[in-house]
1. Taking N as the number of residues in the chain, what value does Rg over Cα atoms divided by 2.2 N^0.38 Å take?
2. Might you tell me the accessible area per residue for the range 202-305, computed with a 1.4 Å probe and given in Å²?
3. Using a 1.4 Å probe on the protein chains only, how many percent of the accessible area of the chain belongs to carbon and sulfur?
4. Give the Debye-formula value of log10 I(q)/I(0) at each listed q (0.16 Å⁻¹), with one equal scatterer per alpha carbon of the range 247-305, two decimals each.
5. Where does each of 261-270, 217-226 land if you order them by average Cβ count within 10 Å, highest first?
6. For the chain, what is the relative contact order in percent, using Cα pairs closer than 8 Å and at least 6 residues apart in sequence?
7. Magnitude of the Cβ-charge dipole of the chain, K/R +1 and D/E -1, about the Cα centre, nearest 20 debye?
8. If we sort 164-171, 1-8 on the protection proxy, mean other Cβ atoms within 10 Å, highest first, what's the order?
Amino acid sequence: MLRVPIIQAEPGMRLSLPVHRPLSNDVLLREGFALDRMTIGRLRELRVPEVWIDYPGAERIRRFVSPEVYRLQANLVHQTSDLFERVQCDAGAKLDYAAYRTTMSGLIDQLLANHHAAVHLSEIAGAGESQARHATTVCLLSLLIGLRLQGYLVSERPKLDAVHARDTTNLGIGAMLHDVGLSRLPAECARCEFDLDGNDPQWRSHVQKGYEMVIGNLDASAAIVVLDHHQSWDGHGFPEHGHFGAEPAPRHGHDIHVFARIVAAADAYDRLLHRVDGGMWPRVRAMNTLLNSPLNGRFDPVVLA
């Protein structure tokens, strides 16, 4: 099997994995379907980014691609898109947190069982300004970082036994919902999301608004991601917190929950990658920007590495 960008797809290519509608878990085409010109054109219109096709001699790649991980990823995209659509239409919409936890747990289990499948987690389709695309990408990247740093999670969560300290389910849920507070702001405010130095007080309020939406419904380790994913390792983030009667100040260093530190790095990487004008930076440019001054001081060095 071979992954082919849709722009390079040709008639006669036969699918080795189903094709899902972008930002949905709907299956457009099933495994084994032979592409034709009309179908390829339609997939391009729908902004399907790529397809997996049968390719002689590339059978060894199949161990790096899990159909179940692919299905769960599509389901996560759908849930995230549906979440933002409902909360934007109805301020009192009830969020199905149990469903998010079930999907997250299933995805983590499959990644642990098929760790090679992480190599080819697909880039999420959608415009650069799509909140659902951004939330899902940050969620997937945060999960992969968390799974890679399980020993670090144990050392950073010493009050928990090792099994619970390594559990990344709440990391994934917090990452998926990290920007849910933007749904309570005017649409134009969301554009600040792509400015790493957004200083607009109204935009900055999205972390507190999001926290108020999820607190009491999520585990505390997931809710704190929503509140503190813009905290900086060097202490220049937001929001400010009071510390036993001291002057309110941002958290810094190890005072920031490790899940929020992970999401902060994943969030910044994706916002550098996807530009507000809909274009994209090369991945190497986004990574180089994170790894060098002045941005590198904002992130936990273990997470950044």
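The values are calculated or read from the model by the stated rules, or taken from the named source; none is laboratory data. Quick caveat: nothing in here was measured; it's all calculated off a predicted structure. Glycine gets a Cβ as well: all are built from the backbone with ideal geometry, and neighbour counts include every protein chain shown. Side chains included, ligands, DNA and RNA excluded: accessible areas come from the protein's heavy atoms. Shrake-Rupley method; radii C 1.70, N 1.55, O 1.52, S 1.80 Å.
1. On the way: Rg = 19.7 Å, N = 305, 2.2 N^0.38 = 19.3 Å.
It is 1.02.
2. Values: 4830 Å² over 104 residues.
It amounts to 46 Å² per residue over the range 202-305.
3. Working: 7610 of 14530 Å².
Roughly 52 percent, rounded to a whole number.
4. Summing over Cα pairs of the range 247-305 leads to -0.54.
5. Details: 261-270: 25.3, 217-226: 21.7.
Result, highest mean Cβ count within 10 Å first: 261-270, 217-226.
6. Details: 480 pairs, mean separation 42.4, N = 305.
Answer for the chain is 14 percent.
7. Numbers: 31 positive and 36 negative charges, 160 e Å.
Magnitude of the dipole: close to 760 debye.
8. On the way: 164-171: 19.8, 1-8: 14.2.
Highest-to-lowest ranking by the protection proxy: 164-171, 1-8.
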